[in-house]
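These notes are about the structure you will find just below.
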Amino acid sequence: MTKQLWKGNEALAEAALRAGAEAYFGYPITPQTELLEYMSRRMPELHLVFLQAESEIGAINMVYGAACAGVRVLSSSSSPGISLMQEGLSYIAASEVPAVLVDIMRGGPGLGNIQPSQGDYFQMVKSSGHGDYHAIVLAPSSLQEAVDLMQITFELAFKYRHIVALIGDGSLGQMMEPLEMPPFKIWPAERPAWALTGAKNRPPNRISSLYLGAERLEALNLRLQQKLNLIRQDEVRYETMMIGDADYLIVAFGTVGRIAKSAVRQARAAGIRVGLFRPITLWPYPEQQLAALSKTVKGILVVEMNAGQMLEDVQRITHERVPIHFVGRMGGTIPLPDDILPALRTLIETVEHPQASPSAVPA
Amino acid sequence: MTIDTIPTQTTSAPPTLDGMQLVYQAPEALAETQTHYCPGCTHGIIHRLIAEVIDELGVRERIIGVMPVGCAVFAYDYFNFDGTEAAHGRAPAMATGIKRTMPDKVVFTYQGDGDIASIGGNEILAACARGEKLTVIFVNNAVFGMTGGQMAPTTPAGMVTTSSPYGRNVELQGSPIHLTEMLAMMPGVAYAARRSLHSVAEIRRTKKAIRLAFDAQIKGLGLGIVEVLSTCPTNWRIDPSEAMDFIRDIMMPEYPLGEFKIHEELKKH
């Protein structure tokens with residue numbers, strides 16, 4: 001198949017349809033609105049269900065309803081909209097129904113702005129709603145990877161009856177890149193046995209997130225935790241670059257992970273033995289792989305488009321056994337190799353000449 | 001069909017072996033279980049009316065019920081059809097997601113006054129604006145029942161509740177919301193009525209209204225909503241019989257009964 005030039009949000013929309021999406025409910029918010037607009041044009045052509053909801057709250061609860069019916073359904077939004085969806089996401093997680101969500105992140109907090117950001121790491125990875133659960137979170141660094149990862153979202157969502165979120169900063173939604181769009185996936189016509197499809201020739205199905213009684217709710221939570229452990233075991237994804245002989249490691253995700261590749265190449269050209277670790281699943285985080293790498297390098301530089309959200313995980317996972325420095329840009333500013341390389345040199349200086357570098361700022 | 005001829009009993013049952021005829025039984029759409037409702041609460045009557053209507057329409061196997069947060073939070077266990085439970089106030093959005101993706105199903109929401117008229121105001125408004133093919137049963141007992149009798153948007157002026165201990169003061173707390181009349185103004189609403197359960201005659205009228213609210217959906221005319229004036233003797237702190245009088249004497253003057261919207265197609269029989 002030949003490559004075509006696609007805009008990020010539209011590529012994500014078409015990729016979701018190729019992956020088997022049957023219904024979309026959403027609400028306009030920059031910088032993801034083109035995804036909704038694309039669905040409004042394209043889904044009627046394919047005789048699929050598109051509806052612009054009254055709010056993100058309405059949208060996520062429509063997703064919840066369709067998910068209860070065993071329908072392959074998704075929504076998309078951007079950071080403040082995701083905040084509004086948290087109630088519904090928690091109900092979806094507790095009810096164990098499959099749903100896919102795209103978050104094209106913008107600068108915050110508050111109304112913030114519409115520039116790219118990775119400020120939703122906490123929101124999506126740590127706490128996409130009240131209670132004890134994590135959504136599966138995929139973080140592509142290019143449009144081709146976004147389109148490819150979209151192909152597994154419904155499979156993961158239905159396999160685990162869980163939320164699968166694909167997150168990218170605003171630039172991923174707005175950029176244009178050549179990519180190869182995969183063919184349409186074929187799904188079986190019948191609905192899952194647990195779905196609400198009408199109690200015909202079977203006892204009624206009931207889907208709820210209400211478990212009165214401490215023991216019953218604890219039993220649900222233990223079951224959810226078991227499921228999350230299975231996901232931790234089987235669904236970790238990550239990319240490494242030039243780690244074989246690396247003395248130093250850059251850790252970055254999404255678009256920043258891609259920018260960091262340029263920084264690694266430039267540093268290598270200058271004789272610095274540095275490699276890249278890029279988690280593709282932010283939850284489950286590739287913890288074992290990062291922990292192992294932290295034993296073979298002398299220092300780690302974490303680069304993010306926020307104030308250091310993934311940084312906390314890197315510190316936890318590596319037990320800070322080597323110095324960890326951080327470069328973070330916020331407010332829609334994108335960290336470039338010009339930000340990363342000086343920080344890398346400072347890290348190296350700190351490690352190689354600990355007494356001679358009083359100006360070094362550790363993370 | 002007039003109100004008096006609406007069958008509330010099973011009349012078509014075959015004779016049993018000993019020659020006696022079955023004249024009354026639980027609707028198939030009702031689950032054989034005990035409810036947790038308080039003595040004198042009218043949720044049980046409403047459940048039964050819904051189940052009878054669903055049986056008469058022959059749609060039990062196509063029903064998806066969306067239950068609220070409130071005293072009816074467990075209602076999916078009391079019916080013999082597929083059901084789920086929405087977040088507080090979100091039932092119309094959830095029901096929209098179900099109905100839009102499975103238009104051959106018959107989808108209804110069951111919502112209390114706090115659920116639909118307070119926290120869920122936007123969801124019901126939007127569902128009506130879109131003319132969703134849904135049926136909405138709106139149970140108005142003037143208080144938040146499950147949390148212990150706090151003031152609701154529908155609490156009449158002057159009424160004492162646990163969060164309006166000096167009586168609802170419209171200067172401070174606003175006036176009771178007449179949601180059903182408001183929704184009836186919207187083109188997407190095919191049927192809107194307020195009924196009561198304080199007498200047998202009114203219970204029969206309530207059943208007829210529920211039937212029309214389902215007819216509106218099944219005929220694809222739009223959204224059908226029935227507000228049912230209902231009791232909460234526990235939180236009203238009166239006995240069940242006085243609670244029926246409370247509906248008649250306190251609630252009905254504030255909330256007049258009636259049909260505020262009937263689609264032409266629903267008037268044909």
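The values are calculated or read from the model by the stated rules, or taken from the named source; none is laboratory data. Just so you know, these numbers come straight off a predicted model, no measurement behind them. Cβ sites come from the backbone with ideal geometry, for glycine too, and all protein chains shown count toward neighbours. Side chains included, ligands, DNA and RNA excluded: accessible areas come from the protein's heavy atoms. Shrake-Rupley method; radii C 1.70, N 1.55, O 1.52, S 1.80 Å.
Surrounded by fewer than 20 Cβ atoms within 10 Å (Cβ to Cβ), within 21 Å of A:Arg258 (Cβ to Cβ), within 20 Å of the chain's Cα centre (by Cα) and at pLDDT 95 or above: is that true of A:Arg329 in this structure? Taking the combined requirement at face value, the residue satisfies it. Residue selection: B:Glu132 satisfies the criterion of being modelled with pLDDT of 95 or more, part of a loop (DSSP other than H, G, I, E, B) and in contact with a strand residue (DSSP E or B) (Cβ under 6 Å, 6 or more places away or on another chain).
Scan the range B:182-193 and give yes if some residue there is away from every other protein chain (no Cβ under 14 Å) and closer than 20 Å to B:Cys232 by Cα, otherwise no. No: the range B:182-193 contains no residue that is away from every other protein chain (no Cβ under 14 Å) and closer than 20 Å to B:Cys232 by Cα. I'd like to know if the range B:106-124 contains one or more residues that are of a type in the set (Gly, Ala, Ser), open to solvent by less than 20 Å² (accessible area, probe 1.4 Å) and facing another protein chain (nearest Cβ under 8 Å). No, because not a single residue in the range B:106-124 is of a type in the set (Gly, Ala, Ser), open to solvent by less than 20 Å² (accessible area, probe 1.4 Å) and facing another protein chain (nearest Cβ under 8 Å). B:Cys71 meets the conditions (1) within 17 Å of A:Asn201 (Cβ to Cβ); (2) in contact (Cβ under 8 Å) with a residue 60 or more places away in the chain; (3) open to solvent by 40 Å² or more (accessible area, probe 1.4 Å) in every case but one. The failed one is (1). Only residues that are of a type in the set (S, T, N, Q) and under 14 Å from A:Val63 (Cβ atoms) were counted in the range A:95-123, giving 1.
Of the strands (runs of 3 or more DSSP E) lying entirely inside the range A:229-325, those carrying at least 1 residues that are within 22 Å of A:Asp338 (Cα to Cα) are A:238-241, A:248-251, A:274-279, A:299-304. Counting only residues that are farther than 29 Å from A:Thr153 by Cα and either surrounded by fewer than 20 Cβ atoms within 10 Å (Cβ to Cβ) or of a type in the set (S, T, N, Q) (or both), the range A:268-296 holds 9 of them.
Being of a type in the set (Phe, Trp, Tyr) and under 27 Å from the mean Cα position of the chain (by Cα), is that true of even one residue in the range A:163-184? Within the range A:163-184, one or more residues are of a type in the set (Phe, Trp, Tyr) and under 27 Å from the mean Cα position of the chain (by Cα). The strands (runs of 3 or more DSSP E) falling completely within the range A:29-145 that include 2 or more residues that are hydroxyl-bearing (Ser, Thr, Tyr) and either touching a strand residue (DSSP E or B) at 6+ places or on another chain (Cβ under 9 Å) or surrounded by fewer than 24 Cβ atoms within 10 Å (Cβ to Cβ) (or both) map to A:73-77. Assessment of the range B:232-244 against the conditions (among the aliphatic types (A, V, I, L, M) and in contact (Cβ under 8 Å) with a residue 12 or more places away in the chain) yields at least one matching residue.
Looking at the range B:41-67, which of the residues that are open to solvent by less than 30 Å² (accessible area, probe 1.4 Å), under 18 Å from B:Thr206 (Cβ atoms) and not in a helix (DSSP H, G or I) is nearest to the other protein chains (Cβ to nearest Cβ)? Only one residue fits best here, namely B:Gly65.
Taking A:Ile259 as the residue in question, decide whether it is in contact with a Leu (Cβ under 8 Å, 6 or more places away or on another chain), open to solvent by 40 Å² or more (accessible area, probe 1.4 Å) and either within 18 Å of A:Val314 (Cβ to Cβ) or within 14 Å of chain B (Cβ to nearest Cβ) (or both). It is false that A:Ile259 is in contact with a Leu (Cβ under 8 Å, 6 or more places away or on another chain), open to solvent by 40 Å² or more (accessible area, probe 1.4 Å) and either within 18 Å of A:Val314 (Cβ to Cβ) or within 14 Å of chain B (Cβ to nearest Cβ) (or both).
Note on the range A:196-243: among residues that are among the β-branched types (Val, Ile, Thr) and within 12 Å of chain B (Cβ to nearest Cβ), the one that is farthest from A:Gly254 (Cα to Cα) is A:Thr197. Checking each residue in the range A:301-326 for being of a type in the set (A, V, I, L, M, F, W, C), open to solvent by less than 10 Å² (accessible area, probe 1.4 Å) and farther than 20 Å from A:Ala246 by Cβ picks out only A:Met305.
Selection of the range A:230-247 for residues being touching a helix residue (DSSP H, G or I) at 6+ places or on another chain (Cβ under 7 Å) and open to solvent by less than 10 Å² (accessible area, probe 1.4 Å) yields only A:Ile231. The residues listed here are B:Met185, B:Met159; of these, the one that is more than 30 Å from B:Glu132 (Cα to Cα), surrounded by fewer than 21 Cβ atoms within 10 Å (Cβ to Cβ) and modelled with pLDDT of 95 or more is B:Met159.
Annotation: of all residues in the range B:125-149 being open to solvent by 10 Å² or more (accessible area, probe 1.4 Å) and closer than 22 Å to B:Cys232 by Cα, the one that is farthest from the other protein chains (Cβ to nearest Cβ) is B:Asn141. State whether one or more residues within the range B:169-180 are assigned to a helix (DSSP H, G or I) and either modelled with pLDDT under 95 or touching a Phe, Trp or Tyr at 6+ places or on another chain (Cβ under 8 Å) (or both). Yes, that holds for at least one residue.
Pairing residues of the range A:22-36 that are within 14 Å of chain B (Cβ to nearest Cβ) and among the charged types (D, E, K, R) with residues that are open to solvent by 10 Å² or more (accessible area, probe 1.4 Å) and not in a loop (DSSP other than H, G, I, E, B), at Cβ distances under 8 Å and at least 6 apart in sequence or on separate chains, gives A:Glu22/A:Val49; A:Glu22/B:Thr101. Within the range B:211-233, the presence of at least one residue that is over 23 Å from B:Ala184 (Cα atoms) and not in a loop (DSSP other than H, G, I, E, B) is confirmed.
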